Each structure stands twice: as C-alpha cells, then as structure tokens.
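K.L.:
Okay, handing you the structure first.
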Amino acid sequence: MTTDMISADAAGTWGLGDLTVNRIGFGAMRLTQDGPALRTNAPAGDRDRAIGVLRLAVELGVNHIDTASFYFSSLRSANELINRALGPYADDLVIATKVGPGRDPSGAFHWATPGQLRGQVEENLRQLGRDHLDVVNLRLPGSAAEDSLAEHFGALADLRTAGLVRHLGISNVRAHHLVEARSIAPVVCVQNPYGIDSPAEDHALVELCGKEGIAFVPFFAIAGTGKEAGSVADDGGRLRAAAEARGVSVAQLRLAWTLHRGPHVLAIPGTGNPDHLVENVSAGALRLTAEEISALEARPS
C-alpha cells in the first residue's frame, strides 16, 4: 500500500463555523463492525486494525471525523476507539458527533426527549475524553419528516450557550427544518443521506446549503440505496463502466461525484479497511469531466 502524495487536502477545505476542515473526512460507524448491519450489533472487527485505520486517516490529512456514542458493538465503541487512537487530540482535528438516537446495551434504538439530550452530549464528552464537542448534529428520525425540531434544537442551543458544544448541525432533515433551526441558533452543517441516485428534493437541499454557506455532509454517498448494508449494484452497470474507463473504483467515482456538487460538500466515507481508506482519500484528487458527470447522472430510459 503506497500513500505517497495522497492527502485529504486534495479536495480543498471548508469551514464548520470557525473550524476549517479538509473536504475528505472519515466516518467512524464501520469501525465497530465486521458485517454490514450496525442494527444487529454485529461483532466488532480487530481492535488494533481499527486504531491503525484512525491513525492512518490522520496521517493522510483527515481532520474531520464523524462519530456518535450509539456507534458501538458488543465489544467496543467508535468513540472509545477514537479516544484511544488519537488522544490527546491535535489542535486542528474536528470531531463531529450526533445526538437524538440512543441505544440500550442490547443495541435496541430509542429517541431522546429534549431533556435527555444533555445526557447524550455528556456521554459523548466522557467517551471522547473532551471538555467540549466541536460539532453536534441533531439527528431526526425518518418519521419526523414533517415535525418541528424546535424543542430539541433549542435544548442543544442551550448547551452551546453553556459551552459544552461549539457548533450545531442537523441531520436527516428537510429544507423546512433548516429554516426552523436557523431561527433558533446558527447551523454550520446539514448531514443527510445523499448520492448519485438521490431524488430532486435532496439535490435542491444541497444547493440551498451552498447558497447559504452551510456545509452539506452526505452519508451513504458510497453505499447509495444499500445504506448500512453497503454498496449495491448500480443502474445497468453505468457506474462500473464509467469507473473502469477512468481506472478507478466505483466507490471513488461516487465520492468524486459527491464532491463535485459544490465546495461546501464534505465527504465522510467510513471503513475499517486501511486499503479502502487510502482509496477513499485518493478520491479527493479525482476531477470528473462534464461528459463523465452527464453520463453518471443519466437515468435509464
């Protein structure tokens, strides 16, 4: 594995409030699992390899790591791995976490009330070994697509005022949530599922964030509709054909397409495999032609 000349700064930088990050980051969800299903509490992968992947990510210039206290398996948690691998933290390392979802020791999910968000923030602080969190995203359940987030986001805004949180974002949201959240406190990022196959409404939200100078942080950019299960076969093999023509992987092509959507788009691909990590970071230097973009975005007739 050669890492010469590979750096996460190849895609440029963007700001999360007053924090500047390279546009290629790292998502920690997959560090605690061997298989595809976080929800089934899959066995954790090798601990030393996970720690090595985190350290390699930083060596490659990654300074934006996305995590959550509910990323855990029966053996370890993503936050604990980050603390062990990277603490004491470099001054330029930005760790973003999310609250809203919670899991009990069996792995079953629940959703926090506004009054429970402080406890979730404090748990992230404890696991990460920090006295404040750089960025906290309020994650909404899919069932809340039309609901107000005011009470929950207001609770986080209070924690920001108290100094426990530096910046706030929102996750799994629609455009009206962004408008509502910004009426309560500054929003530095929107974190949503997004990729080549996303519907027009999702593309419009990416463009809205760009106009407002807000970072858009897609997850499942590589997996697409496969989500937690990983990548799935693309429509008619068009992505694979385009990747082979360019001499890159489909994952790299998906990441490059995501990054081309605007300088405000930040990628957080996750992996527990060091070779895949190098591949993902390398995608930041890939520039697609107008013809390639048109072919990728074409829908089967």
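K.L.:
So how much slack lies between residue 13 and residue 203, counting 0.36 nm per residue of separation and subtracting their Cα-Cα distance, in nm? Provide the component values of the computation, followed by the final result.
P.N.:
Details: separation 190, 0.36 × 190 = 68.40 nm, distance 2.10 nm.
Fully extending the segment from residue 13 to residue 203 adds 66.3 nm.
K.L.:
Between residue 55 and residue 161, what is 0.36 nm times their sequence separation minus the Cα-Cα distance? Round to one decimal in nm. Don't jump to the answer; show the numbers that get you there.
P.N.:
Details: separation 106, 0.36 × 106 = 38.16 nm, distance 3.23 nm.
Once the chain is fully extended between residue 55 and residue 161, it gains 34.9 nm.
K.L.:
Taking square-rooted eigenvalues a ≥ b ≥ c of the alpha carbon gyration tensor, is segment 103-178 rounded, prolate or oblate, where a/c under 1.5 means rounded and, failing that, a/b exceeding b/c means prolate?
P.N.:
Details: a/c = 2.00, a/b = 1.21, b/c = 1.66.
In terms of gyration-tensor shape, oblate.
K.L.:
Here's a follow-up. Would you calculate, for the chain, the mean residue ellipticity at 222 nm contributed by helices, counting each DSSP H stretch of 4 or more residues as -39,500 (n - 2.57) and dividing by all residues, to the nearest 500?
P.N.:
-10500 deg cm²/dmol
K.L.:
Counting other beta carbons within 10 Å of each residue's own, what order do 5, 29 fall into, fewest first?
P.N.:
Details: 5 8, 29 19.
Ascending Cβ contact count within 10 Å gives the list 5, 29.
K.L.:
Take the Cα of residue 143, step 7 Å along the line toward its Cβ, and report every residue of segment 83-110 whose backbone nitrogen sits under 17 Å from that point.
P.N.:
Only 100-104, 108-110 fall inside the zone, counting backbone N under 17 Å.
K.L.:
Please give me, ordered by residue number, the GluC sites (Glu not before Pro) of segment 117-154 that lie in loop per DSSP and have at most 10 other Cβ atoms within 10 Å.
P.N.:
Numbers: sites: 122, 123, 146, 151; in loops: 146.
Here the sparse-neighbourhood loop sites are 146.
K.L.:
For every other residue with a beta carbon closer than 11 angstrom to the beta carbon of residue 61, add +1 if it is Lys or Arg and -1 if Asp or Glu, then tell me the sum. Display every interim value, and only then the final one.
P.N.:
On the way: positive: 23; negative: 9, 59, 92.
Residues close to residue 61 contribute a combined charge of -2.
K.L.:
Length gain on complete extension for the stretch residue 245 to residue 91, per 0.36 nm per residue less the alpha carbon to alpha carbon distance? List each step's numbers first, then the result.
P.N.:
Numbers: separation 154, 0.36 × 154 = 55.44 nm, distance 4.06 nm.
Gain on extension, residue 245 to residue 91, equals 51.4 nm.
K.L.:
Rounded if a/c is under 1.5, else prolate if a/b is larger than b/c, else oblate: which is segment 22-297, with a ≥ b ≥ c the root eigenvalues of its Cα gyration tensor? Please list the in-between numbers first.
P.N.:
Working: a/c = 1.62, a/b = 1.22, b/c = 1.33.
Oblate, since a/c reaches 1.5 and b/c is not below a/b.
No lab work stands behind these numbers, since they all come straight from the coordinates. Model, not experiment: these values are computed from the prediction. Cβ: placed from backbone, ideal geometry, glycine included. Neighbour counts: every protein chain shown.
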